[in-house]
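Asks: Structure below; questions to follow.
The values are calculated or read from the model by the stated rules, or taken from the named source; none is laboratory data. It should be emphasised that the depicted structure is a prediction, and the values quoted were computed from it without experimental measurement. No Cβ is skipped: glycine too gets one built from the backbone with ideal geometry, and neighbour counts run over all protein chains shown.
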Amino acid sequence: DAEITQSPRHKITETGRQVTLACHQTWNHNNMFWYRQDLGHGLRLIHYSYGVQDTNKGEVSDGYSVSRSNTEDLPLTLESAASSQTSVYFCASSEGQNNSPLHFGNGTRLTVT
Amino acid sequence: GIQVEQSPPDLILQEGANSTLRCNFSDSVNNLQWFHQNPWGQLINLFYIPSGTKQNGRLSATTVATERYSLLYISSSQTTDSGVYFCAANTGNQFYFGTGTSLTVIP
């Protein structure tokens, strides 16, 4: 079965360090998304991509970057981790046409100390 | 972007009870998706429903696109139904999420 795999599942890092969260999907989907989930804020969009070499900023993109070098992967990089970036991060994908559902990975819990 | 509102924000049910969760959206959408976030944090697809009614076991969903709302029905609730239910409105390639309904089912 197709799936989205996020790694690591849990990560603890120190303020100021660079961190990369991996997302790999086997759906062969064009669209990929990164969200963060915090209490009281629901799911907020960080970055998204509609295909290889395409990346776009979401509503909370400051301090994050992504790159899309192939269809399967959209790694999320925190350039200099801050305590405000402690959160649960979800990667998701969809086929890329209208009327295609969104599929989520299992999330990465990141703690910045 | 589209505004998505869910109600109620919190719900506590006795096991075996029925419930209705509501999702309102502010503009026309291509599709509407319901998710269940279980206590382990996983986001599970429940329904992808642009209009009409779909059923899956004890759960069913109805979307009335012309009136910009969707309903999720849970019948004969079980403790495993506990968690947070999100709806997401799909416009083209973007998804707009509500803030969820937190459901607790008590044995």
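Asks: Across segment B:71-107, which residue is surrounded by the fewest Cβ atoms within 10 Å (Cβ to Cβ) among those that are more than 22 Å from B:GLU5 (Cβ to Cβ) and in contact with a helix residue (DSSP H, G or I) (Cβ under 7 Å, 6 or more places away or on another chain)?
Replies: Per the criteria, the residue is B:PRO107.
Asks: Provide a single number: the residues in segment A:4-49 that are touching a residue at least 60 places away in the same chain (Cβ under 8 Å) and among the charged types (D, E, K, R).
Replies: Taking segment A:4-49 as the starting set, the residues that turn out to be touching a residue at least 60 places away in the same chain (Cβ under 8 Å) are A:4-19, A:21, A:23, A:25, A:27, A:29-33, A:37.
Right, trim to among the charged types (D, E, K, R) and you get A:9, A:11, A:14, A:17.
Residues flagged as touching a residue at least 60 places away in the same chain (Cβ under 8 Å) and among the charged types (D, E, K, R) within segment A:4-49 amount to 4.
Asks: May I ask you to list the residues in segment A:87-113 that are more than 14 Å from chain B (Cβ to nearest Cβ) and in contact with a Leu (Cβ under 9 Å, 6 or more places away or on another chain)? First the steps, then the outcome.
Replies: The first filter runs over segment A:87-113 and keeps only residues more than 14 Å from chain B (Cβ to nearest Cβ), leaving A:111-113.
Listed by number, the list holds a single entry, A:VAL112.
Asks: When you scan segment B:13-26, how many residues do you find that are surrounded by 12 or more Cβ atoms within 10 Å (Cβ to Cβ) and farther than 13 Å from B:SER70 by Cα? I'd like the intermediate steps shown before the answer.
Replies: Narrowing segment B:13-26 to residues surrounded by 12 or more Cβ atoms within 10 Å (Cβ to Cβ): B:13, B:15, B:17, B:19-26.
Subset that is farther than 13 Å from B:SER70 by Cα: B:13, B:15, B:17, B:19.
Going through segment B:13-26 one residue at a time, the tally reaches 4.
Asks: Being more than 15 Å from B:GLN42 (Cα to Cα), of a type in the set (A, V, I, L, M) and more than 7 Å from chain A (Cβ to nearest Cβ) is the filter here; which residues of segment B:78-102 pass it?
Replies: Scanning segment B:78-102 gives a single hit, B:ALA89.
Asks: So the check is Cβ under 6 Å with 6+ separation or different chains; which pairs have a first residue in segment A:65-93 that's surrounded by 16 or more Cβ atoms within 10 Å (Cβ to Cβ) and a second one that's part of a helix (DSSP H, G or I) and of a type in the set (S, T, N, Q)?
Replies: Sorted first by the residue in segment A:65-93, then by its partner, the pairs are A:LEU78/A:GLN85.
Asks: Can you confirm whether segment B:70-89 contains a residue that is at pLDDT 95 or above, outside any strand (DSSP E or B), within 30 Å of A:THR5 (Cβ to Cβ) and among the acidic types (Asp, Glu)?
Replies: yes
Asks: Here is a follow-up. Every residue in segment B:1-45 that is in a loop (DSSP other than H, G, I, E, B) and among the aromatic types (Phe, Trp, Tyr), please.
Replies: Taking segment B:1-45 and keeping what is in a loop (DSSP other than H, G, I, E, B), we get B:1-3, B:8-9, B:15-18, B:26-30, B:38-42.
Hit for segment B:1-45 is B:TRP40, nothing else.
Asks: Which one of these is of a type in the set (Ser, Thr, Tyr), away from chain B (no Cβ under 12 Å) and touching an Asp or Glu at 6+ places or on another chain (Cβ under 9 Å): A:SER61, A:SER65, A:SER84, A:SER69?
Replies: Details: A:SER61 fails: touching an Asp or Glu at 6+ places or on another chain (Cβ under 9 Å); A:SER84 fails: touching an Asp or Glu at 6+ places or on another chain (Cβ under 9 Å); A:SER69 fails: touching an Asp or Glu at 6+ places or on another chain (Cβ under 9 Å).
Just a single option satisfies the conditions, and that option is A:SER65.
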